[in-house]
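J.: Supplied in structure tokens, the structure appears directly below.
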Amino acid sequence: MSTVNPRRWWALLVLAGAQFMVIMDTSIIGVALPEMQRDLGFSQGGLQWVFNAYVIAFGGLLLLGGRLSDLLGARRVFVSGWVVMIAGSVVAAAASTAWVEVLGRAVQGAGGALIAPASMTLLMMLFSHDPAELGKAMSIYGAAAPAGGTAGVFLGGVFTEWMSWPWVFIVYIPIGIATLMATGLLPAVQGRRGGVDLLGAAAVTAGIALAVFALVRAPEVGWGAGETVLELIGAGLLLIFFFVLQKKLRDPLMPLGVWRAPGLAPSNLAMTLLGAAWIPMWYFLNLYLQQVLGYGAFASGAALLPMTILLMVFMTAVTARLLARFGAKPLIVGGLLALAAGLLWLSAAEPTGTFVVDVLPASLVAALGMSLAYIPTLMSAISGAPQEQAGLASGIVNTTYNVGSALGLAALTAVATSQGAGELGDLPALTDGFGAGFVGAAAIAAVGALLTLVLMRGRESARV
């Protein structure tokens, strides 16, 4: 019988705080984007690379982070991830050109790719002795991710309005140092022997990056242009090569046998589509608030604070109980449908709209959907994996969420731009473009609900 760690709840605060910060890093730049665009010379379409550089590095390297966590020990990888995160934050804060900013964001993403799977492995080690405690811990940890994503928008507004946009990166330096000082609370997890598939990591990251690059450039060069077609074919070939490599190697980055774990495949599909719907929502909503309604950085961030409060309260107080009673499948399906409904409501926003009518109720419905779906999807994805593959399973589910986020944002930004979202100063055109993005995200969420209903079996619907 494993020894119960008496400091496990304090350790959970460190892990949940790390997850909060890692996911917040995908969104804290949202409110600062217009300021960064002006200072660093980003185009309206190229602005999304401030987000995508982080997400591509994060999502593309998560499998490597999970593998390293299993091989080298989770606490060691957790510490290394924060060192990399701090270094990336310094580069991003000091950037004076667009390409340096994108580089800093990519380094931050690489750090996050080490932190996230190591955190999940440590959490499982701390609470695997008691399913009831594990459920509570997962609720707190799970709430940290979407809450961090939404809170980042608010905090980004505070820093941008009252200081300057580099502070959205500077804040990670003292927090990272404080986290490193608190790692003594975390258990020392022994690694195990095995190789590291660097070629596979390079192939999957390059494949994801090339696919996003093609989607971002398609509105400019044309969807049927030779460049776009070749880039998408190249991305597909890189990803095929990755899977072929995984089948042949003795120590692959992602042993394909892990997919036999109950619930892993349908849960990861749901997580991909959840990310592809949720992240574009806050991206377009933030631009609507600033570029159409004329909100300043602080007001725009504050407008999304109710979503953060709902996410935190609902996930920590309600979702775990619903999961224990009903299992994952009904909550995932219901959550994705609620998210789709909130997105459709947002698509009806007017150029002369108001926060109370056009934003608040719809955003709360969308946040309710995320609150219902995220933790059950996460639990269903990792609960069937053996403990020695906890880091890998965590890396996979985090990868699918972030890959979905990057591809969804790239595709829906292309759709929104084609419908007028690139016409700065033309409020009706901007609103039409953002509305098209919301409709596309709603369609993705609805497809996710349908596929979960069809593909997830009852015994894969995890309970805690």
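Just so it is clear, none of the values below were taken in a lab; they were calculated from the coordinates. Quantities reported herein were computed from a predicted structural model and do not represent experimental measurements. With ideal geometry, Cβ positions are generated from the backbone for all residues, glycine too; neighbour counts draw on all protein chains shown.
J.: Using the count of nearby Cβ atoms within 10 Å as a rough guide to exposure, how do Asp130, Asp197 rank from fewest to most?
T.: Asp130, Asp197
J.: Related question: For the peptides 60-67, 314-321, 153-160, what is the packing order when you average, over each peptide's residues, the other Cβ atoms within 10 Å and list the highest mean first?
T.: Values: 60-67: 28.4, 314-321: 18.2, 153-160: 24.6.
Going from most to least packed, we get 60-67, 153-160, 314-321.
J.: Now, a different point. According to the square roots a ≥ b ≥ c of the eigenvalues of the Cα gyration tensor, what is the shape class of the stretch 171-254, taking rounded for a/c under 1.5, prolate for a/b larger than b/c otherwise, and oblate for the remainder?
T.: On the way: a/c = 6.01, a/b = 1.55, b/c = 3.88.
It is oblate, given that a/c is not under 1.5 and a/b is not larger than b/c.
J.: State, as an integer percentage, the relative contact order of the stretch 291-384 based on alpha-carbon contacts under 8 Å between residues 6 or more apart.
T.: Answer for the stretch 291-384 is 41 percent.
J.: To continue, here is another question. Relative contact order of the chain, please, whole-number percent, based on alpha carbon pairs below 8 angstrom and at least 6 residues apart.
T.: On the way: 905 pairs, mean separation 107.5, N = 464.
23 percent.
J.: Roughly how many nanometres apart are two label points built 7 Å out from the Cα toward the Cβ at Asp426 and Leu305?
T.: For Asp426 paired with Leu305, the spin-label model returns 3.6 nm.
J.: Which Rg and Dmax, in Å, describe the Cα atoms of the stretch 17-81?
T.: Considering the stretch 17-81 through its Cα atoms, Rg and Dmax are 15.0, 44 Å.
J.: May I ask which residue of Gly420, Ala214, Phe314 lies farthest towards the positive end of the charge dipole of the chain, with charges of +1 (Lys, Arg) and -1 (Asp, Glu) on Cβ and the Cα centre as origin?
T.: The residue sitting most towards the positive pole is Phe314.
J.: Then there's this: Kindly rank 356-367, 177-188, 70-81 from highest to lowest mean number of other beta carbons found within 10 Å of each residue.
T.: 70-81, 356-367, 177-188
J.: Here's a follow-up. Between Val4 and Asp251, what is 0.36 nm times their sequence separation minus the Cα-Cα distance? Round to one decimal in nm.
T.: Contour length minus the Cα-Cα distance gives 85.7 nm.
J.: Name the residue farthest towards the positive end of the dipole of the chain from the options Leu185, Gly224, Ala366, assuming +1 on Cβ of Lys and Arg, -1 on Cβ of Asp and Glu, about the Cα centre.
T.: Ranked along the dipole, the leading option is Leu185.
J.: Take the stretch 246-352, compute every pairwise Cα distance, and split them into 5 Å bins from 0; I just need the percent in each bin.
T.: Distribution as computed: 2, 9, 13, 17, 16, 12, 10, 9, 6, 3, 1, 0, 0 percent.
J.: Using Cα pairs under 8 angstrom and six or more residues apart, how large is the relative contact order of the stretch 197-252, in percent?
T.: That works out to 47 percent.
J.: Now, a different point. Can you give me the Cα centroid spacing of the stretch 260-323 and the stretch 45-69 in angstrom?
T.: For the stretch 260-323 versus the stretch 45-69, the Cα centre distance is 18 Å.
J.: Sticking with this one: Taking the Cβ-Cβ separation of Ser418 and Glu350 as r and a Förster radius of 25 Å, what is the calculated FRET efficiency to the nearest 0.05?
T.: It comes out at approximately 0.75.
J.: Let me ask something else about it. Where does each of Lys136, Lys329 land when they are ranked from fewest to most other beta-carbon atoms within 10 angstrom?
T.: On the way: Lys136 16, Lys329 24.
Ranking Lys136, Lys329 by Cβ neighbours within 10 Å, fewest first, gives Lys136, Lys329.
J.: Sorted from largest down, what three extents in whole angstroms do the Cα atoms of the stretch 127-280 have along their principal axes?
T.: 51, 47, 27
J.: Let me ask you something else. Fewest to most neighbouring Cβ within 10 Å: what's the order for Met21, Met312, Met163?
T.: Working: Met21 22, Met312 18, Met163 12.
So the ranking, lowest neighbour count to highest, is Met163, Met312, Met21.
J.: Taking each pair of different alpha-carbon atoms in the chain once, compute 1/r for the pair, average those values, and report the inverse of that mean as the Kirkwood hydrodynamic radius in Å to one decimal.
T.: 21.8 Å
J.: Give me the dipole magnitude in Debye, nearest 20, for the chain about the Cα centre, with unit charges on the beta carbon: positive for Lys and Arg, negative for Asp and Glu. Don't skip to the end; give the middle numbers.
T.: Working: 21 positive and 20 negative charges, 387 e Å.
Result for the chain is approximately 1860 debye, rounded to the nearest 20.
J.: Here's another thing I want to ask about it. In nm, what is the difference between 0.36 nm times the number of residues separating Trp223 and Leu180 and their Cα-Cα distance?
T.: Here the answer is 10.9 nm.
J.: What nm value, rounded to one decimal, do you get for the distance between Ser96 and Leu450 when each label is placed 7 Å out toward the C-beta?
T.: Rounded to a tenth, the inter-label distance reads 5.3 nm.
J.: Between Arg457 and Ala202, how many nm apart are label points set 7 Å from Cα along the C-beta direction?
T.: According to this spin-label approximation, the distance is 4.0 nm.
J.: Send over the per residue convex hull volume for the stretch 59-199, Cα only, as a whole number of Å³.
T.: Roughly 119 Å³ of hull volume per residue.
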